[in-house]
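The values are calculated or read from the model by the stated rules, or taken from the named source; none is laboratory data. In this text the structure is predicted, and so the values were computed from the model without any measurement. Here Cβ is always computed from backbone atoms with ideal geometry, including for glycine, and neighbour counts include all displayed protein chains.
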Amino acid sequence: MTAVTTTTSPWHEFLLERGACIEAGSVSHFGDPAGELRTTRDGSVVAPLTHLGVILCSGADAQDFLHAQLSNDVKKLAPSDSEYAAYCSPKGRMLANFVVWRDKDGYCLELARSLLPAILKRLAMYVLRAKVRLSDASETQVILGLAGSAAAASLQPFFPELPRKPHQVVHHPVNGTLIALSGERFQLIAQVEPGMRLWQQLSAGLAPVGARCWEWLEIKSGIPMITPATQEQFLPQMANMELIGAVNFQKGCYPGQEIVARAQYRGELKRRMVLAHMTDEGSPLPGDELFSAELPGQASGMVVNAQPAPGGGHDLLAVLQTASIDKGAVHFKSADGPLLHLQPLPYATV
């Protein structure tokens, strides 16, 4: 059954007509949540990433402005590349994290849509006299996630030259921007009308799935997303941001830079993000606390992101005390709650 929604977005209305179930502004599924998860694990899929938003930063000083705000080196970002980046408070805690790329209009910052209004307002406070324009480009953009062994072949008719390595970017004058990600995944960003056409054609060969399936793929890839429940909770390194290339330690200052650098060079980091699976009943959410015997009476960690797993239970990313990681006995919400089963991340952690 298609969910009732109050949105008036043409993109949302288009998806509703094609069986989408929209909850809180995001496409949750297309009628079979469990089946879509299994297809995501075993097959090739396309998902409307309606849980994401885009801030456009343009103007003559856009590069210098972002370089002074974000944890990564924006000045070295070529039009043919994208990068991860964090936006931190003066205390070095992440307020948001982004995928950043360039297009003909400026720099695009993709983040959790639930954070976009607050982050846009905060960034605007620091523009001052700089020649910078910040705007919410979410309503003019369609973001699709594609994954699986058939994803590249499905994109070939629309992008004769495909990006071949993670973070490589290809631009097309009509079909938009295509970004390669790890694990046979791509993001396609297009204007609304071309995006609708591309959805029609791509979903004929790839299984349509909800944004939750894409979020599960991000979790399995070890890529965190800061949401309102986890704002200002983690230094970038706690969420492995430097391990996925989101922090440049040679660039100039940005908010929180001294604290981030100190944690890196003085070995003061006592928390790290892990991938885990929980088989017991329960629905972990971002911000939920985790407990272990090493810290009796207080939380030893926090859930960053979580989604149902294809085989049952939940997969999640969690930031934990390193002592708790070493012991491996971490429980959900209480010292005797469901046990988390730690799993290896797909990238080196040391």
Open item on the list: Looking at the structure I just gave you, is Gly252 of a type in the set (Gly, Ala, Ser), modelled with pLDDT under 95, outside the structural domain of Gly301 (by TED's automatic domain parsing) and farther than 24 Å from Leu15 by Cα?
Closed with: yes
Open item on the list: Checking the conditions here, which among Glu268, Glu281, Glu294 is in contact with an Asp or Glu (Cβ under 9 Å, 6 or more places away or on another chain) and in a loop (DSSP other than H, G, I, E, B)?
Closed with: Glu294
TODO: Can you confirm whether the stretch 277-287 contains a residue that is in contact (Cβ under 8 Å) with a residue 24 or more places away in the chain and over 30 Å from Ile22 (Cβ atoms)?
DONE: no
- [ ] State whether one or more residues within the stretch 321-344 are touching a helix residue (DSSP H, G or I) at 6+ places or on another chain (Cβ under 8 Å), closer than 30 Å to Gly35 by Cα, surrounded by 14 or more Cβ atoms within 10 Å (Cβ to Cβ) and not polar (S, T, N, Q).
- [x] yes
- [ ] Quick one: which residue in Leu109, Leu155, Leu128, Leu115 is without any contact (Cβ under 8 Å) to a residue 60 or more places away in the chain, within 19 Å of Leu66 (Cβ to Cβ), surrounded by 13 or more Cβ atoms within 10 Å (Cβ to Cβ) and aliphatic (A, V, I, L, M)?
- [x] Leu109
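Residues checked against (1) of a type outside the set (Ser, Thr, Tyr); (2) touching a Phe, Trp or Tyr at 6+ places or on another chain (Cβ under 7 Å); (3) modelled with pLDDT of 95 or more:
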| position | (1), (2), (3) |
| --- | --- |
| Pro224 | yes, no, yes |
| Leu235 | yes, no, yes |
| Ala246 | yes, yes, yes |
| Leu295 | yes, no, no |
| Pro310 | yes, no, yes |
Task: Exclusive hit being crowded, with 20+ Cβ neighbours inside 10 Å and out of contact with any strand residue (DSSP E or B) (no Cβ under 7 Å at 6 or more places or on another chain), set Leu178, Leu206, Leu235, Leu198 - done: Leu235
Task: strands (runs of 3 or more DSSP E) contained entirely in the stretch 309-350, each with at least 1 residues that are in contact with a Lys or Arg (Cβ under 8 Å, 6 or more places away or on another chain) and either in the same structural domain as Ala276 (by TED's automatic domain parsing) or not acidic (Asp, Glu) (or both) - done: 314-321
Open item on the list: Given the criteria more than 13 Å from the chain's Cα centre (by Cα) and at pLDDT below 95, does Lys76 qualify?
Closed with: no
TODO: Name the strands (runs of 3 or more DSSP E) wholly inside the stretch 100-200 in which the number of residues that are assigned by TED's automatic domain parsing to the domain that holds His67, within 23 Å of Thr39 (Cα to Cα) and under 16 Å from the mean Cα position of the chain (by Cα) is 3 or more.
DONE: 141-147, 176-181, 185-191
- [ ] Give Leu70, Leu66, Leu77 a once-over and let me know the one that is crowded, with 24+ Cβ neighbours inside 10 Å, free of Cβ contacts under 8 Å to residues at least 60 places away in the same chain and at negative phi.
- [x] Leu66
- [ ] Look at the stretch 244-261 and say how many of its residues are closer than 22 Å to Ser300 by Cα and surrounded by fewer than 23 Cβ atoms within 10 Å (Cβ to Cβ).
- [x] 1
- [ ] Could you please let me know if Val260 is touching a Ser or Thr at 6+ places or on another chain (Cβ under 8 Å) and assigned to a loop (DSSP other than H, G, I, E, B)?
- [x] no
Task: Gly31 out of contact with any Cys (no Cβ under 6 Å at 6 or more places or on another chain), free of Cβ contacts under 8 Å to residues at least 40 places away in the same chain and in the same structural domain as Pro166 (by TED's automatic domain parsing) - done: yes
TODO: For the stretch 231-250, enumerate the residues that are in contact with a Leu (Cβ under 9 Å, 6 or more places away or on another chain) and either within 15 Å of Leu269 (Cα to Cα) or assigned to a helix (DSSP H, G or I) (or both).
DONE: Leu235, Gln237, Met238, Ala239, Asn240, Met241, Leu243
